[in-house]
Amino acid sequence: MKVGFGIVGCGMIANFHAKAIEHIRGAKIVACFDNFGSAAERFAKANNCQAYESLKDMLQDPQVDIVTICTPSGAHRDPAVAAANAGKHVVVEKPLEITLKRCDAIINACRKNKVKLCTILPSRFSPANMALKDAISAGRFGKLTLGDTYVKWWRSQEYYDSGGWRGTWALDGGGAYMNQAIHNVDLLYWFMGDVAEVCAVTDTLAHKRIEVEDVGVAALRFKNGALGTMEATTSAFPGLLKKTEIHGTTGSVIVEQDDLLLWEFEKKSAKDAAIRKRFAKKAGGTGGASDPSAISHTGHMNQLKDFIKSIEENRRPLVDGKEGRKSVEIILAAYKSSWSGRRVTLPLKSDPRPPR
């Protein structure tokens, strides 16, 4: 099966999609569109594809099977819905959108038009995280008791000043939680299960001219009774590797970036030693801790492979729209808690609004 991709939004993240698609057999970027024509032309030249002057024209291209949305976070809905209405399968960079109402518009359009939808959350495809998920599914933790995730990154003032949309509620949808830590928020939910309650505090402490938080701490209660925390910041110089810790009555695992710092269970398995050896300080890299371009395309590649297979096999992709919506809801609950000074229960009944 030959699969043609059309890219909407030709900024930095589009380059990671391009590299990922380049390494998938049978997949090819055939078209691109950006509101800034010069950006589309540069991307088209670099990737040997057709640059379109309008999204409508690109969506009429019969070679385009899948449309990937790489626009700013708060500009995902309209091109995603247009692609679905054109009968194209849809890939949306994280977050799915910045409000639940906008997420639902994308999900409903894809359902209505019977096309597949996935949200890019590639940390789920890390082999170390997949091994952790398998251990949870196998019951090796006993009763889950505590799940923590930490994203202590650094972003310079120049980073926020480099794009007019960065650090705005309208297009970024949030700060350290919505933009940077959403991958780990998704992992924490994936590992621990649905969140029942959030109590959070956020603030802007290190950057100027931004509307959103650059530091946040949150306490969680999961529906299974376990507790947890999620910390997120872009104001921790020089930027540390992201980390997730999962604990239960019969086991504990700590994953830093894509390496295992701890893998211990009460009941031993013959595979434990091999797992520790495989994931012991081998991943390398900073994972975007201080440089947003310093990420690997491997996770994107594996997720896009799964998405293509989901189309071929007519099954649900591993991270569909419903899954992508979950992390947005958890983060919005954290914002609502911080703004109101109260605990917030999930599911949310409506989208919270930032204080004026």
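The values are calculated or read from the model by the stated rules, or taken from the named source; none is laboratory data. What you see is a predicted model; the values in this text were computed from it and never measured. FYI the Cβ positions are ideal-geometry reconstructions off the backbone, even for glycines, and counts take in every protein chain you see.
Looking only at region 71-110, which residues are touching a helix residue (DSSP H, G or I) at 6+ places or on another chain (Cβ under 8 Å) and of a type in the set (Asp, Glu)?
Listed by number, the residues that qualify are 93, 97, 104.
Looking at region 173-191 only, could you name the residues that are out of contact with any Lys or Arg (no Cβ under 6 Å at 6 or more places or on another chain) and either in a loop (DSSP other than H, G, I, E, B) or farther than 14 Å from residue 220 by Cβ (or both)?
If the condition is that a residue be out of contact with any Lys or Arg (no Cβ under 6 Å at 6 or more places or on another chain) and either in a loop (DSSP other than H, G, I, E, B) or farther than 14 Å from residue 220 by Cβ (or both), then 173, 174, 175, 176, 178, 179, 180, 183 are the ones that fit.
For region 195-210, check the following and say yes or no: at least one residue is of a type in the set (A, V, I, L, M), within 22 Å of residue 123 (Cα to Cα) and assigned to a strand (DSSP E or B).
Scanning region 195-210 turns up at least one residue that is of a type in the set (A, V, I, L, M), within 22 Å of residue 123 (Cα to Cα) and assigned to a strand (DSSP E or B).
Is it true that residue 187 is assigned by TED's automatic domain parsing to the domain that holds residue 256, of a type in the set (A, V, I, L, M), at pLDDT below 95 and under 18 Å from the mean Cα position of the chain (by Cα)?
No; evaluated as a whole, the condition is false for this residue.
Taking region 271-297 as the search range and keeping residues that are in a loop (DSSP other than H, G, I, E, B) and at pLDDT 85 or above, which one is surrounded by the most Cβ atoms within 10 Å (Cβ to Cβ)?
279
Can you find, within region 131-155, the residue that is farthest from residue 247 (Cα to Cα) among those that are of a type in the set (Lys, Arg) and surrounded by fewer than 23 Cβ atoms within 10 Å (Cβ to Cβ)?
The selected residue is 152.
Return yes when residue 240 is on the phi < 0 side of the Ramachandran plot, in contact with a strand residue (DSSP E or B) (Cβ under 9 Å, 6 or more places away or on another chain) and assigned to a helix (DSSP H, G or I) and no when it is not.
So residue 240 fails the test.
Take residue 327 and tell me if it is among the polar types (S, T, N, Q) and surrounded by 23 or more Cβ atoms within 10 Å (Cβ to Cβ).
Spelling it out, residue 327 is indeed among the polar types (S, T, N, Q) and surrounded by 23 or more Cβ atoms within 10 Å (Cβ to Cβ).
Is it the case, given these coordinates, that residue 226 is under 13 Å from residue 136 (Cβ atoms), out of contact with any Asp or Glu (no Cβ under 7 Å at 6 or more places or on another chain) and of a type outside the set (S, T, N, Q)?
Taking the combined requirement at face value, the residue satisfies it.
Residues being aliphatic (A, V, I, L, M), assigned to a loop (DSSP other than H, G, I, E, B) and under 18 Å from the mean Cα position of the chain (by Cα): count how many of those fall in region 87-124.
4
With respect to residue 203, determine if the residue is surrounded by fewer than 23 Cβ atoms within 10 Å (Cβ to Cβ) and either at pLDDT 95 or above or among the hydrophobic types (A, V, I, L, M, F, W, C) (or both).
In short, yes.
Please determine, by comparing only the residues of region 244-270 that are out of contact with any helix residue (DSSP H, G or I) (no Cβ under 9 Å at 6 or more places or on another chain) and more than 19 Å from residue 188 (Cα to Cα), which one is surrounded by the most Cβ atoms within 10 Å (Cβ to Cβ).
That would be 266.
Select from region 79-117 the residues that are under 18 Å from residue 5 (Cβ atoms) and among the acidic types (Asp, Glu) and list them in ascending order.
Result: 93, single match.
Evaluate the following for residue 312: is it in contact with a strand residue (DSSP E or B) (Cβ under 8 Å, 6 or more places away or on another chain), under 30 Å from residue 66 (Cα atoms) and either among the charged types (D, E, K, R) or surrounded by fewer than 22 Cβ atoms within 10 Å (Cβ to Cβ) (or both)?
Here the answer is no, as residue 312 does not meet what is asked.
For residues that are out of contact with any Gly (no Cβ under 9 Å at 6 or more places or on another chain) and of a type in the set (A, V, I, L, M, F, W, C), scanning just region 127-171, find the one that is farthest from residue 272 (Cα to Cα).
Filtering region 127-171 for residues that are out of contact with any Gly (no Cβ under 9 Å at 6 or more places or on another chain) and of a type in the set (A, V, I, L, M, F, W, C), the one farthest from residue 272 (Cα to Cα) comes out as 151.
Taking region 70-79 as the region of interest, how many residues are crowded, with 24+ Cβ neighbours inside 10 Å and touching a Lys or Arg at 6+ places or on another chain (Cβ under 9 Å)?
The total comes to 2.
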